[in-house]
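Heads up, the thing below is written out as structure tokens.
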Amino acid sequence: MRANKLEAFTIEKVSRGDIQGADYNPRKITEAARKKLRAKLKQWGLLQPIIVNKRTMNIVGGHQRIGEMDAIIRKPGYELTVAMVDVDEKQEAAINVFLNNPSAQGEWDITALQGMKDIFPDIDFELDMGFDLSDIDVMMLETGKGAEDFGIVKDAVSEAKKEAKREAQKSAETDEYFKEAKVEARQAAREENAAGNGSVETIDYTLTIVFPNNHEKREFMRKIRKKESEKFLKSTILLDIYNRVYDISVFGGRD
């Protein structure tokens, strides 16, 4: 039921498998923006529904959000609540572009935006609001304000606080990643066991190694010649490290 005559949608629950992205969708997203979007989805959740056309079951608004939701939830048939519209394909395409067209949207009142820093001193334009440093440069030019007015203070203490916040966010993302991976591994093992191809011992075959800090992790990955971004290592690598250490300690090294 619509609350007023201007509401052109209804709220409905659908299965993810029943909707799809529009083939013509002209929107794209950079890797940096994608990471920001995923981080905020994990932090705040989905704050507004995906828009879907009832006639085609195409996504009209929310292609990037649904992509990151898929990556986070990692289940093909999850349910979601959508704003369902009923339009023809031409109108669907027009709405798709209109919803993201900067020319049809408002502009920032940069003075008011900067004034939010006075109201919320701990808010961060980059980490909390998602602005790039280039955006902040433009704001500084338009307002004549300095970097410190936008929370960019280059002293050691402020930089250490910002770095600590970044590390906390990365740590939370890593914890969530491994939690999801472990759930998937357990589920796969249960399915294998139910099919008669496994045993109870195969339910959990992962091991998490925790480093005291990022520097130690970087050094470890450098020494084993692996990328720092790697999330999983095969057990054979650890066995090889053990064998090399054992050979050196017992036999004085290999010839």
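The values are calculated or read from the model by the stated rules, or taken from the named source; none is laboratory data. Being a predicted model, the structure only gives us computed values, none of them experimental. Every residue, glycine among them, receives a Cβ derived from its backbone with ideal geometry; neighbour counts consider all protein chains shown.
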(request) May I ask you to list the residues in the range 11-53 that are basic (Lys, Arg) and either at pLDDT 95 or above or not assigned by TED's automatic domain parsing to the domain that holds Met84 (or both)? (result) Lys13, Arg16
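Quick check on Asn96: is it part of a loop (DSSP other than H, G, I, E, B) and assigned by TED's automatic domain parsing to the domain that holds Trp44?
Working: part of a loop (DSSP other than H, G, I, E, B): no; assigned by TED's automatic domain parsing to the domain that holds Trp44: yes.
When the stated conditions are applied, Asn96 does not pass them.
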(request) Among the residues of the range 1-17, write down those that are within 15 Å of Met69 (Cα to Cα), surrounded by 12 or more Cβ atoms within 10 Å (Cβ to Cβ) and out of contact with any helix residue (DSSP H, G or I) (no Cβ under 8 Å at 6 or more places or on another chain). (result) Val14
(message) I'd like to verify a number: residues in the range 217-238 that are surrounded by 10 or more Cβ atoms within 10 Å (Cβ to Cβ), modelled with pLDDT of 80 or more and part of a helix (DSSP H, G or I), how many?
(response) 6
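Of these, Pro76, Pro102, which one is loosely packed, with under 11 Cβ neighbours inside 10 Å and free of Cβ contacts under 8 Å to residues at least 12 places away in the same chain?
On the way: Pro76 fails: free of Cβ contacts under 8 Å to residues at least 12 places away in the same chain.
From the options Pro76, Pro102, the qualifying one is Pro102.
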